[in-house]
Amino acid sequence: MEKELIRLENISKSFDGTLVLDELDLVIHENEFVTLLGPSGCGKTTTLRIIGGFETPDTGRVIFDGKDITDLPPNKRQLNTVFQKYALFTHMDIAENIAFGLKIHNKPKSYIDDKIKYALKLVGLEGYEHRKPSSLSGGQQQRIAIARAIVNEPKVLLLDEPLGALDLKLRQEMQYELIRLKNEIGITFIYVTHDQEEALTMSDHIVVMNQGYIQQEGSPEDIYNEPENAFVADFIGDSNIIDAVMVRDELVNILGTEFPCVDKGFGEMKPVDVVIRPEDVELVSPDKGIITGEVTHIIFKGVHYEMEVTALGFEWLVHSTDMFPVGQTVGIWVDPYNIQIMNKPESEDEEAIPLDV
Amino acid sequence: MFKNKKTSAALSAPYTAWMTIFIIVPLLMIFYYGLTDSQGSLTLANITAIGYGVYFKSLLLALWLSFLCTLICFILAYPLALILARVSKNAGQGLIITIFILPMWMNFLLRTYAWLTLLEGNGIINGILSFLHLPTQHMINTPTAIVFGMVYNFLPFMVLPLYNAISRIDTAVFEAARDLGAGRRQTLFRITLPLSVNGIISGVTMVFIPALTTFAISTLLGGSKVLLIGNVIESTFTQVYDWHLGSGLSIVLMIFIIINMIISNISDARQEAEG
Ligand SMILES: Nc1ncnc2c1ncn2[C@@H]1O[C@H](COP(=O)(O)OP(=O)(O)OP(=O)(O)O)[C@@H](O)[C@H]1O
Ligand SMILES: [Mg+2]
């Protein structure tokens, strides 16, 4: 594991009496691509702004490279931000925009010129030096915003939904672009998004937030395959989240039927949440399934069919490349490895509100 | 905007009539009188008169005092506009602006009379000074008094365009400057000022033009001791009854105003082009 670079300790922040961040702790390591992921209003931007120095936390400390920077103004911090709406300086041309930070730090002219060239090359906009920001497309302005930040060689780049305003195709292009950039310049990225697909594609480390709490942290695989609670499971990808009772180790009772599973240590007859990803629900002939049900809906999604199967009074969401017509009785079989058991939230406070999206 | 030209012509008729009667016709008359002598023959004498004696002196003084007034207004108004733009909407921004505009609801002459009683030889300010055993000042009927009056009357015309321009700048732009290492002062000079240049130009125009042409303020606070070009033009009309000379001098003043407006139009057009 790389060296620790940023540590948020016990950060709380409220606006007008509303608690937005509640005793948040977070450690970010050097050279990581960290994504703060969560629904709108969960405090992602606020967290980023506290790291950038644009907000002061009510309690807690921000430690950067071993030093407490909680009260340091943004211009004294060794990090740069890429703002969501680019925030380019409209009265300057592209070269002047990129040179801004370097001029402030009194770098020699030849150094600045080299840096402008290098940065424009890096973001694929050579020859744009003397254009005005308003004459550039959204995607191009975003690249300039990135170029303007990275020429200062920050240790950390903060990006707040930098692709939010771009259309789908450009977004995907820019996602790869950003990953390439990150690998090329080798700095830490802290990235904010509410798009779970973007987070899964780009990150080394994902921090899932909801209502000012960190719900789960881990690699994209961890987060997707082993969500720790119903909120994370629901927010990351589609899933079937079902009330269940853990009968004993490796056996769970789902809606009255016992399913073998591989999880242990939850105790006996303990209420739990069960997550089964739609691609892990296998449709088989009725005699081969653990339970049987009836197909009630089917949509063709291109790569797969998305079906709803009613069984045990629950609508099971199923992704499959095989097609089963509406009305057909099918068997449902789930591999014990694909049944993810989660503790129910302990306190009302941490109650993760499932999203209806 | 309108479906056919007829409707739009019909709708704009009252304005066209208004403009013709109250703007175009008087302008044409001024040009007629200004460019002719009492015999009705063409002459430039009324205009070149500005180069001589009291006319020249009063023009220079008016230019100097309105420059001072504009400068003082700018220095006072910019920090105020900055603060106004930063105060969030619910934290009484509207209230501050209202308090600021409130004096403008009072009659202009009344406001200026108030300054008279403040600045007079045995007025309120000197009263306070002598109460504090400080030497009293001769203030009324001096250029200083006129500048006081001008600044007081025209300051809101500077504040409002500045406030407008500054509050229109996306706050993320200031944050971007801070983020890139600029301190508060550098952000002010490299970002805020250049991005509000349009507000500055329209504020300057809106203060400089009325200050340059005023005769009411200089009559009240300058007595007959300090003559500005406005006073001189007024008296050529109302006391000397020389409409030709008065019009000629007005045309000269108009040239200054037009130059000022051209500058502000150019800056508007430039901003529009930059989006
Ligand atoms: N300056 C502010 N003043 C008052 N309330 C604020 C301020 N900034 C944020 N908030 C509130 O704090 C909460 C969290 O805001 P934040 O911007 O951090 O959310 P977010 O996770 O970035 O959401 P989004 O995905 O919509 O950008 C929101 O309810 C927001 O209304
Ligand atoms: Mg946000």
Exercise. Quick one, can you get me the convex hull of the C-alpha atoms of the range B:182-275 expressed as volume per residue in Å³?
Key: 115 Å³
Quiz prompt | Helix-only mean residue ellipticity at 222 nm for the protein assembly as shown, each DSSP H run of n ≥ 4 adding -39500 (n - 2.57), per residue, nearest 500 | solution = -14000 deg cm²/dmol
Quiz item: Given a 1.4 Å probe, how much area per residue of the range A:211-280 is accessible, in Å²?
Solution: 43 Å²
Quiz prompt | Three-way shape label, the range A:1-72, alpha-carbon gyration tensor, a/c 1.5 | solution = oblate
Quiz prompt | For the range B:1-91: rounded, prolate or oblate by the Cα gyration tensor [a/c cutoff 1.5] | solution = oblate
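With the full set of protein chains in place, find how many percent of the accessible area of the protein assembly as shown is carbon and sulfur; take the probe as 1.4 Å.
For the protein assembly as shown, the apolar C and S fraction of the accessible surface comes to 59 percent.
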Exercise. Compute the separation of the alpha-carbon centres of the range A:176-219 and the range A:276-346 and state it in Å as a whole number.
Key: 31 Å
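I need to check one value: relative contact order of chain B, counting alpha carbon pairs closer than 8 Å and at least 6 residues apart, in percent.
Details: 281 pairs, mean separation 79.4, N = 275.
Value for chain B: 29 percent.
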Quiz item: Using mean Cβ contacts within 10 Å as the protection proxy, how do B:112-119, A:302-309, B:93-100 order, highest first?
Solution: B:112-119, A:302-309, B:93-100
Quiz item: Can you list the residues, at least 5 places off or on another chain, whose amide H is less than 5 Å from the amide H of A:Leu159, using H built in the peptide plane?
Solution: A:Val82, A:Ile190, A:Tyr191, A:Val192
Quiz item: Hey, could you pull the Cα Rg and Dmax for the range B:42-159, both in Å?
Solution: 19.0, 62
Exercise. Have a look at the range A:50-64 and report residues whose accessible surface goes down by 40 Å² or more when the remaining protein chains are included, against the chain on its own, probe 1.4 Å, ligands and DNA/RNA excluded.
Key: A:Phe54
Quiz prompt | Relative contact order computed over chain A (Cα-Cα under 8 Å; 6+ residues apart), in percent | solution = 15 percent
Quiz item: From the backbone phi of the range B:103-112, what are the Karplus-calculated ³J(HN,Hα) couplings (6.51 cos²θ - 1.76 cosθ + 1.60, θ = phi - 60°) in whole Hz, Gly and Pro given as x?
Solution: x, 5, 7, 7, 4, 4, 5, 4, 4, 6
Practice problem: Calculate, axis by axis, the spread of Cα positions in the protein assembly as shown along the three principal axes, and write the results as whole Å, longest axis first. | Solution: 119, 70, 52
Quiz prompt | Farthest toward positive dipole pole in the protein assembly as shown [+1 Lys/Arg, -1 Asp/Glu at C-beta], among A:Gln340, B:Tyr15, B:Gly53 | solution = B:Gly53
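Antiparallel DSSP bridges in the protein assembly as shown: what percent, to the nearest 5?
Percent antiparallel among DSSP bridges in the protein assembly as shown is about 75.
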Quiz item: Roughly how big is the range A:4-225's charge dipole about its Cα centre, with Cβ charges of +1 (Lys, Arg) and -1 (Asp, Glu), in debye to the nearest 20?
Solution: 1100 debye
Exercise. Calculate the radius of gyration of the Cα atoms of chain A to one decimal place, then report Dmax, the largest Cα-Cα distance, as a whole number, both in Å.
Key: 24.2, 78
Quiz item: Cα atoms only, the range A:187-256: Rg and Dmax in Å?
Solution: 14.5, 52
Quiz item: Which pairs, out of A:Lys76/A:Lys107; A:Lys44/A:Lys103; A:Lys44/A:Lys121; A:Lys76/A:Lys155; A:Lys155/A:Lys182; A:Lys44/A:Lys85, put more than 21 Å between their alpha-carbon atoms?
Solution: A:Lys44/A:Lys103; A:Lys44/A:Lys121
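Could you tell me the relative contact order of the range A:238-350? Use alpha-carbon pairs under 8 Å, at least six residues apart, and round to a whole percent.
Value for the range A:238-350: 29 percent.
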Self-check item: Chain pair B, A: total accessible area buried, heavy atoms, 1.4 Å probe, Å²
Solution: 1900 Å²
Quiz prompt | For q = 0.07, 0.08, 0.13, 0.15 Å⁻¹, Debye-computed log10 I/I(0) when each Cα of chain B counts as one equal scatterer | solution = -0.37, -0.47, -1.07, -1.23
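The values are calculated or read from the model by the stated rules, or taken from the named source; none is laboratory data. Predicted model only: the values in this text are computed from it and were never measured. Glycine also receives a Cβ, built like all others from the backbone with ideal geometry; neighbour counts cover every protein chain displayed. Areas reflect the complete protein model, heavy atoms only, side chains present, ligands, DNA and RNA absent. Shrake-Rupley method; radii C 1.70, N 1.55, O 1.52, S 1.80 Å.
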